[in-house]
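This report refers to the structure that appears directly beneath it.
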Amino acid sequence: MKATGRILAAVFGVAGLLAGGCSSGTSGAGGSAGPAAGGGPGAASSDAIGPGGSAAPGVTPLEPLPTAVPAVLGPYYGQKPAWQPCDGGFECTTFRVPLDYDHPADGDLTLSAVRAPAVPGGASAAGRLGSLLLNPGGPGGSAIEYVEAAARTYDLGVRARYDLVGLDPRGVGRSSPVTCLSGARMDAFTSVGLTPADQREIDALVAADKEFAEGCRQRAGTALGHVSTVEAARDMDVLRALLGDEKLTYVGKSYGTFLGATYAGLFPTRAGRLVLDGAMDPSLDSVTGNRTQAGGFETAWAAFAKDCARRDDCPLGRTEQAVGDQLTALFEAVRANPLPTTGNGRRLTGAQATTGVIEAMYADFLWPKLRTAFTDAKAGDGTGLLKLSDSYYGREADGSYPSLMFANTAVNCLDLPAPFAGPEDVQRAVPDFERISPHFGRDMAWMALTCAYWPVRATGAAHTVRAAGAAPIVVIGTTRDPATPYAWARSLAAQLESGRLLTYDGDGHTAYGRHNVCVDGAVNRFLLTGEAPEQGKRCGP
């Protein structure tokens, strides 16, 4: 997803990637099911888009760029990248893009991409359709890692007709990655309490956010001001040209939908078959985005609690209410007395316990692991919840962290003005967050404070995306998606002149590639033939 705090819009790790999503943590991490999904604590339609898809006052549309490539950018569009064998059967390359598209003379960035060639023997050369770019979300998720994991499981019909291509966006993975803190300091950052009870705890949280921001400033330098989604979308157009494709074919998940929609808005005549799965709503300001995302996690928690209460191994009770009450009690107990863990001497703090639960909301296949973690935590062992928290942040076994969370914050803090200017703003907003999300609202309000101390001013603002003249764009929304509320998909589909809403009535973050015959069939048919699903098509679990 995309907001401003420590919450991502996807679940990372190979398991999460193969499930069709990605998770990060710097900007809002949840979503809510809209009215068509039956409502719930987080149910709400977009605050900025009305029933007809028109923007509220003050929310302007994203304007397309000129169709012709400016002469000053000709050298970038005219590169001849060399694809070399790499990573066990894949092909890798690098290419240059301007650090600042408005001032190309200021220097370049080097970006990295990977390609999985179309499956040999799957289709004749005449049947090939070109390149299919994939992005797993975040922001901060590595598309290179995603393609290398997904290529082995992607639909064979699609693999026969397309080369799968992953481009790590600027600031991410192998593309001039943003880094901010050492592993030890990130451990400290993830441990700081997110529900401060007094001024001392508020000061500790503010100090942690300032240390994070200063670390990014020192380590990333000038590039920190040039990792916006608009710039990343322009980079994708350079790669499209280098691949020899007249139009971009693309599947983006979670934050990848925001990136894909931005591309369509900037280059509508070059937008080919675009699939936006787990859609974000670009018309929302950062406060609204974070708040509705909190509602999404509440909706996902309600689904988990209902499921847990029916199971013999549920350690939290036999009713949905009891499960929720036990969660609240557990959070309070861990905040007061962090739990020991096995393996490395770390202790599970309240912040990490909350993050661990949030991680498990991204995909229902993680629910059994969460039930076990709750059982262990009630017995005094925080290992299971700490592992889930570490998975959310991408922490490696050696204590290091990837660029995921650093890039997540950097992109989010550029794309939208900070939701809060300081602790006082958060305190005023907490009641609204808690009303929408009793279990996660307070934490997620405080998570959103990071951008208040960001060393680079935001270059973006809330906007709508019309992409007038683009081919049909498939927008997928999952009714109980925790990270990208279903209402966001409805709003984005309404904004896009050629948007087609495809609804998955189910749980988890994103829908395509998670073995639902209805969703997968509709998307694969669109990618292979250009036939978009009928407007409003719904698929069940």
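The values are calculated or read from the model by the stated rules, or taken from the named source; none is laboratory data. The shown structure was predicted, so the numbers you read here are calculated from the model rather than taken from an experiment. We place every Cβ from the backbone using ideal geometry, glycine too, and count neighbours over all the protein chains shown. For the accessible areas, the whole protein counts, side chains as well, though only heavy atoms, and no ligand, DNA or RNA atoms are used. Shrake-Rupley method; radii C 1.70, N 1.55, O 1.52, S 1.80 Å.
Observations on the structure shown:
- Cα lying deepest toward the dipole's positive end in the chain, options ALA421, MET444, TRP301, charges on Cβ: TRP301
- (i) 0.97; (ii) 1.02; (iii) 0.95, with the label sought being that of the calculated Rg/Rh (Cα atoms, Kirkwood Rh): (iii)
- Mean accessible surface per residue for the chain, computed with a 1.4 Å probe while every protein chain stays in place, in Å²: 35
- As a fraction of the 1.4 Å probe accessible area of the chain, surface on carbon and sulfur atoms comes out at 52 percent.
- Whether the stretch 274-345 is rounded, prolate or oblate, judged on the alpha carbon gyration tensor where a/c under 1.5 counts as rounded: prolate
- Partners for LYS247 among aspartates and glutamates (Cα-Cα distance below 13 Å; same-chain residues under 8 apart left out): ASP237
- Contact order for the stretch 117-247, expressed relative to its length and based on alpha carbon pairs under 8 Å spaced 6+ residues apart, stands at 23 percent.
- The relative contact order of the stretch 407-455, computed from alpha carbon pairs under 8 Å that lie at least 6 residues apart in sequence, is 47 percent.
- From helices alone, the chain scores -12000 deg cm²/dmol at 222 nm; the rule is -39500 (n - 2.57) for each run of n ≥ 4 DSSP H residues, then divide by the residue total.
- Partners for LYS387 among lysines (Cα-Cα distance below 25 Å; same-chain residues under 8 apart left out): LYS2, LYS253, LYS306, LYS369, LYS378
- Considering only alpha-carbon pairs that sit under 8 angstrom and 6 or more positions apart, the relative contact order computed for the chain is 24 percent.
- With at most 13 other Cβ atoms within 10 Å, longest stretch of the chain clear of loop trypsin sites (Lys or Arg not before Pro) (DSSP): 153-309
- Placing +1 on each Lys and Arg Cβ and -1 on each Asp and Glu Cβ, with no other charges, gives the chain a dipole about its Cα centre of roughly 760 debye.
- In the chain, the longest principal axis of the Cα atoms and the axis of helix 286-309 are about 60 degrees apart.
- Anisotropy class of the stretch 429-541 from Cα gyration tensor, a/c 1.5 cut: oblate
- Three-way shape call for the stretch 209-298 based on the alpha-carbon gyration tensor, with the a/c threshold at 1.5: oblate
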